[in-house]
Amino acid sequence: MKKETITISSSQGKKKIQKDQILFCKQYLVGTLIELTDGNHYLMKEKLDELSQFLQTDAFFFVSNRELVNLEHLEAVFSDQVLLNNQKTFRINPIRKMALLRRIGQEVSL
Amino acid sequence: MLYRQRYEELSKQEDANTEERLLSHVSHRVRTPLNSVIGFSKLLMSGDVSRARTQEFAERIMDSGYQVLQYFQNLIDLSELESGMIKVKPSRISLNQLLTGIVGSYRDRLGTDRSIDLYLMNNEKDLTVFTDEYVLERVVNNVIELLRSHIDEGLVTIEYEVLNKERMSMEIRGIRSSEVNGHNASNSSESEEYDYFTWKAIQQLIGLINGKAACRSDDHEVIYTIVFPCELSTR
């Protein structure tokens, strides 16, 4: 099966990356940082909302307004944090956590 | 000697409160992290702290310790530079190895709940450069410290590029997570004094290896550019 790719334009020029290689995207005041499974990072000029339109897949989830994680690399969900398989953690509020658990098919309890 | 020199410089600005300002600066930069070490150690010794908080407090103690260490290292560096005691000792170093080490060390310092994310960017190709490892490491460490005091919360990226066979450029960029508010730490007089000392250390250290450092900033980001000579080979 052909892997879905997007072409990003970063400070290091244009680069084609596979969507499933993206671990997470985080928005800052100037651009959005992407971390890939191979350990590389890219800083894009686009905002996270713009980038998420290109990603258009159920595999990605907003754990906060400025952080988008790839659920294919989700390791665990804790009381107020999610852990990715690169050991990176993200804070998550209770409402988003319930939505996340629904998304990944887990039973939701208050 | 260093304090006297700084005192004389500030005296030229006809600042009547120079001595108080200088003492206040030294006091702030040493007493604040030491009080943090003592305070958090006391809390840990009380035994009434959850496991998660224990980790956080230990990380704060370590970061404060490093802050004091870095501050004194700058004072020693500046004194030794003035007396000509620091000699350039170039050797072949892996740039990725050096920068990855610095990034890893900072991540450990900042702990798990850090407000600053720190990344080495284009590390696909490793470069071996012929330069003074100690000087370069001190310069990068100082720039990161300055960025931490500037941006409070956000992203620090380290990126390098080869300008030609003899020179390369390193860009260390601090990007804020949110708009600067009126309580930004970098506006305080203690922070300005700290910036002065650190910037002076950066300029003098990079000058040792015939390099130059420059800084530009706006409301969103602060960018330090270091250009230095080196002999290159790609691994």
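The values are calculated or read from the model by the stated rules, or taken from the named source; none is laboratory data. Since this is a predicted model, take the numbers as computed values, not measurements. Cβ sites come from the backbone with ideal geometry, for glycine too, and all protein chains shown count toward neighbours.
For the stretch A:39-61, how many residues meet the condition of being touching a helix residue (DSSP H, G or I) at 6+ places or on another chain (Cβ under 7 Å) and closer than 17 Å to B:SER177 by Cα?
Going residue by residue through the stretch A:39-61, those that are touching a helix residue (DSSP H, G or I) at 6+ places or on another chain (Cβ under 7 Å) are A:44, A:55, A:57, A:59-61.
Filter once more, so that each one left must be closer than 17 Å to B:SER177 by Cα: A:44.
Final tally of qualifying residues: 1.
Which residues, counting only those in the stretch B:144-154, are in contact with a Gly (Cβ under 9 Å, 6 or more places away or on another chain) and either assigned to a helix (DSSP H, G or I) or surrounded by fewer than 22 Cβ atoms within 10 Å (Cβ to Cβ) (or both)? If you could, list the steps in order and put the result at the bottom.
At the first step, the residues of the stretch B:144-154 found to be in contact with a Gly (Cβ under 9 Å, 6 or more places away or on another chain) are B:144, B:146-148, B:150-151, B:154.
Within the stretch B:144-154, B:ILE144, B:LEU146, B:LEU147, B:ARG148, B:HIS150, B:ILE151 qualify.
So A:LYS88 fits all but one of (1) free of Cβ contacts under 8 Å to residues at least 60 places away in the same chain; (2) within 11 Å of chain B (Cβ to nearest Cβ); what number is the exception?
Exception for A:LYS88: condition (1).
May I ask you to list the residues in the stretch B:73-89 that are more than 18 Å from B:GLU133 (Cβ to Cβ) and either crowded, with 16+ Cβ neighbours inside 10 Å or in contact with a helix residue (DSSP H, G or I) (Cβ under 8 Å, 6 or more places away or on another chain) (or both)? Quick ask: steps written out before the conclusion?
Restricting attention to the stretch B:73-89, the residues satisfying the condition of being more than 18 Å from B:GLU133 (Cβ to Cβ) are B:75, B:78-79, B:82-84.
Result: B:LEU75, B:LEU78, B:SER79, B:GLU82.
Tally time: how many residues in the stretch B:174-216 are modelled with pLDDT of 75 or more, away from every other protein chain (no Cβ under 14 Å) and in a loop (DSSP other than H, G, I, E, B)? First the steps, then the outcome.
Quick first cut of the stretch B:174-216, residues modelled with pLDDT of 75 or more only: B:174-177, B:196-216.
Still in the running and away from every other protein chain (no Cβ under 14 Å): B:196-215.
Keeping just the survivors that are in a loop (DSSP other than H, G, I, E, B) gives B:209-211.
Going through the stretch B:174-216 one residue at a time, the tally reaches 3.
Looking at the stretch A:93-110, can you tell me whether even one residue there is within 14 Å of the chain's Cα centre (by Cα) and loosely packed, with under 12 Cβ neighbours inside 10 Å?
no
Residues in the stretch B:113-133: is at least one farther than 18 Å from B:GLU59 by Cβ, surrounded by 22 or more Cβ atoms within 10 Å (Cβ to Cβ) and touching a Cys at 6+ places or on another chain (Cβ under 7 Å)?
yes
Residue-by-condition table, conditions (1) among the polar types (S, T, N, Q); (2) part of a helix (DSSP H, G or I):
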position	(1), (2)
B:GLN97	yes, yes
B:ARG114	no, no
B:TYR134	no, yes
B:VAL140	no, yes
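Working carefully through the options A:ASP58, A:ASP49, find the one that is under 19 Å from A:ALA99 (Cα atoms), out of contact with any strand residue (DSSP E or B) (no Cβ under 9 Å at 6 or more places or on another chain) and among the acidic types (Asp, Glu). Before the answer, list the steps.
On the way: A:ASP49 fails: out of contact with any strand residue (DSSP E or B) (no Cβ under 9 Å at 6 or more places or on another chain).
Result: A:ASP58 is the single residue among A:ASP58, A:ASP49 that is under 19 Å from A:ALA99 (Cα atoms), out of contact with any strand residue (DSSP E or B) (no Cβ under 9 Å at 6 or more places or on another chain) and among the acidic types (Asp, Glu).
Report whether or not A:GLU72 is without any contact (Cβ under 8 Å) to a residue 60 or more places away in the chain, more than 14 Å from chain B (Cβ to nearest Cβ) and within 11 Å of the chain's Cα centre (by Cα).
Working: without any contact (Cβ under 8 Å) to a residue 60 or more places away in the chain: yes; more than 14 Å from chain B (Cβ to nearest Cβ): yes; within 11 Å of the chain's Cα centre (by Cα): yes.
Yes, satisfied.
Residue by residue, here is whether (1) modelled with pLDDT under 85; (2) over 23 Å from B:ARG107 (Cβ atoms); (3) surrounded by fewer than 16 Cβ atoms within 10 Å (Cβ to Cβ) holds:
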{"residue": "B:THR18", "(1), (2), (3)": "yes, yes, no"}
{"residue": "B:ARG21", "(1), (2), (3)": "yes, yes, no"}
{"residue": "B:SER36", "(1), (2), (3)": "no, no, no"}
{"residue": "B:PHE40", "(1), (2), (3)": "no, no, no"}
{"residue": "B:ASP48", "(1), (2), (3)": "yes, yes, yes"}
{"residue": "B:ALA58", "(1), (2), (3)": "no, no, yes"}
{"residue": "B:VAL68", "(1), (2), (3)": "no, no, no"}
{"residue": "B:ASN96", "(1), (2), (3)": "no, no, no"}
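Taking the criterion of being basic (Lys, Arg), within 14 Å of another protein chain (Cβ to nearest Cβ) and either touching a His at 6+ places or on another chain (Cβ under 7 Å) or surrounded by fewer than 21 Cβ atoms within 10 Å (Cβ to Cβ) (or both), would at least one residue in the stretch B:155-165 satisfy it?
No, the stretch B:155-165 has no match at all.
Within the stretch B:111-141, how many residues are more than 13 Å from chain A (Cβ to nearest Cβ) and either among the basic types (Lys, Arg) or under 21 Å from the mean Cα position of the chain (by Cα) (or both)?
Qualifying residue count, the stretch B:111-141: 11.
Go through (1) surrounded by 15 or more Cβ atoms within 10 Å (Cβ to Cβ); (2) modelled with pLDDT under 90 for B:SER11 and report which single condition fails.
(1)
Taking B:TYR134, is it in contact (Cβ under 8 Å) with a residue 12 or more places away in the chain and in contact with a strand residue (DSSP E or B) (Cβ under 6 Å, 6 or more places away or on another chain)?
Numbers: in contact (Cβ under 8 Å) with a residue 12 or more places away in the chain: yes; in contact with a strand residue (DSSP E or B) (Cβ under 6 Å, 6 or more places away or on another chain): no.
No: the conditions fail for B:TYR134.
Please work out if B:ILE102 is modelled with pLDDT of 80 or more and part of a helix (DSSP H, G or I). Steps first, please.
Working: modelled with pLDDT of 80 or more: yes; part of a helix (DSSP H, G or I): yes.
In short, yes.
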